[in-house]
Amino acid sequence: MLAVHMQLTILATFFEISHTVVSMCGVGILIFFVALWAARDDIAQARGLDKVVALSNLCFAAPLAVFGALHLAAAKALATMVPSYMPWPLFWAYFFGFALLAASLSIATKILVRWSGLLFGIAMFCFVAMMDIPGALQNPGDRFGWILAIRELAFGAGAWLLAAGAMSGKMTGAVSGAITKSTIGPTTNPATGQVKTTFLTIGRVVVGITAIFYGVEFFLHPQGVPALPLQKMMPDWIPAHLLINFLTGAILVVSGAAILLAKKTRLAATYLGAWIVLLVIVIYGPILISALANPSTEIKIEGINYFFDTLLFAGVILALASATPPTD
């Protein structure tokens with residue numbers, strides 16, 4: 001009887017959870033395993049911290065799936081964020097939700113990443129221009145408005161870095177033969193190489209500036225959660241608050257400067273990305289568990305958002321490391 005009562009209690013608790021929370025967690029877990037399976041060979045062949053770099057697509061795809069599920073489950077609430085001059089706000093909320101899920105599946109499976117990365121990057125840059133910068137300019141003294149604008153800019157740059165990493169810069173003889181009627185082996189595609197170089201440069205500059213800006217923020221305001229200097233304060237049960245944030249700030253500034261100056265870019269991005277992944281596991285993991293155990297749906301969604309926001313930021317930096325040539 002006790003076992004039956006416990007099972008009924010667990011089922012009741014499950015069905016009391018918001019369908020938004022269930023859909024976000026369910027889709028995120030599904031895409032996590034899909035991306036992990038797709039990256040299994042790269043992880044096996046990598047050595048040292050390059051194994052973390054091999055997780056760049058996973059770190060990018062899982063958050064997109066979670067946010068896509070959020071857009072579909074809470075479309076009416078998110079439609080209010082669409083600029084007033086845009087028609088059909090509810091349509092755009094649903095459209096972007098499906099677009100996020102499609103991009104997530106593409107990046108997780110490494111299929112057509114050059115297109116999904118390109119389009120998601122364009123979407124994020126549009127959001128920065130249409131919503132984030134105007135919002136920050138309305139209250140320029142609010143540092144969080146600029147922090148969010150730079151975060152969205154970094155997400156867009158990270159998507160273009162994924163697209164750059166998916167570009168080989170070459171065409172096989174069979175493909176080029178459709179144009180030149182020749183099958184004499186691989187030939188370089190100058191246009192693709194130029195696009196890849198452009199994406200790499202834009203991504204490197206944006207990531208470098210973002211890292212330096214966030215690092216300085218942690219020295220000025222070391223009370224918040226690490227990696228992304230957002231409004232949430234570090235929980236009291238996490239020890240050594242100041243040490244973690246000052247160390248994170250130092251790593252961000254030093255790595256960001258190296259990335260911005262193109263000095264050991266891959267090495268700097270690898271160490272920075274690995275550090276943020278560690279923070280996601282050690283800091284944001286317990287915060288997520290604590291949030292999911294809270295009866296409030298809003299707190300659950302907040303915990304999920306913080307966890308996957310930071311994981312996506314790690315994916316941006318690891319995408320830079322992955323797209324940068326190993327000889328760098």
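Take the alpha carbon gyration tensor of the range 55-163, find the square roots of its eigenvalues, order them as a ≥ b ≥ c, and report rounded if a/c is under 1.5; if not, report prolate when a/b exceeds b/c, else oblate. List each step's numbers first, then the result.
Numbers: a/c = 2.06, a/b = 1.33, b/c = 1.54.
Oblate, since a/c reaches 1.5 and b/c is not below a/b.
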Task: Label selected from (1) 20.9, 77; (2) 21.3, 70; (3) 35.9, 138, the criterion being Rg and Dmax of the Cα atoms in Å as computed here - done: (1)
Task: Candidates Glu302, Glu217, Glu152: whichever shows maximal mean-square fluctuation once the chain is modelled as a Gaussian network with Cα springs under 10 Å - done: Glu302
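At 1.4 Å probe size, with every protein chain present, just tell me what the per residue accessible area of the range 29-142 comes to in Å². Before the final figure, lay out the partial values.
Details: 6120 Å² over 114 residues.
So the range 29-142 comes to 54 Å² accessible per residue, rounded to a whole number.
If we count every other residue with Cβ under 15 angstrom of Gly145's Cβ, Lys/Arg +1 and Asp/Glu -1, where does the sum land? Don't skip to the answer; put the middle values down first.
Working: positive: Arg143, Arg151; negative: Asp132, Asp142, Glu152, Glu217.
Here the count lands on -2.
What pairs in Lys51/Lys263; Lys232/Lys300; Lys232/Lys264 have C-alpha atoms more than 24 Å from each other? If you can, show how the numbers build up before the last one.
On the way: Lys51/Lys263 22 Å; Lys232/Lys300 14 Å; Lys232/Lys264 33 Å.
Over 24 Å Cα-Cα: Lys232/Lys264.
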TODO: Hey, can you find the accessible area per residue of the range 182-271 for me, probe 1.4 Å, expressed in square angstrom?
DONE: 50 Å²
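Compare the peptides 83-91, 314-322, 124-132, 292-300 by average per-residue count of other Cβ atoms within 10 angstrom and give them in order, highest first.
Details: 83-91: 10.7, 314-322: 29.2, 124-132: 17.1, 292-300: 12.9.
In decreasing order of mean packing, 83-91, 314-322, 124-132, 292-300 become 314-322, 124-132, 292-300, 83-91.
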TODO: Give the relative contact order (percent, whole number) for the chain; include only Cα pairs under 8 Å separated by 6+ residues.
DONE: 19 percent
Open item on the list: Helix 241-260 against the longest principal axis of the chain: what's the angle in degrees, Cα atoms only, rounded to the nearest 10?
Closed with: 20 degrees
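For Val195, Val282, Val207, write out the residues from largest to smallest accessible area, computed with a 1.4 angstrom probe and no ligands counted.
On the way: Val195 60, Val282 80, Val207 5 Å².
If we order Val195, Val282, Val207 from most to least accessible, we get Val282, Val195, Val207.
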Open item on the list: Rounded, prolate or oblate for the range 13-89? Axes are the square roots of the Cα gyration tensor eigenvalues, ordered a ≥ b ≥ c, and the cut-off for rounded is a/c under 1.5.
Closed with: oblate
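The values are calculated or read from the model by the stated rules, or taken from the named source; none is laboratory data. The shown structure was predicted, so the numbers you read here are calculated from the model rather than taken from an experiment. Neighbour counts run over all protein chains shown; Cβ positions are idealised from the backbone, glycine included. Just so you know, the surface numbers come from the protein's heavy atoms only, side chains and all, with ligands and any DNA or RNA stripped out. Shrake-Rupley method; radii C 1.70, N 1.55, O 1.52, S 1.80 Å.
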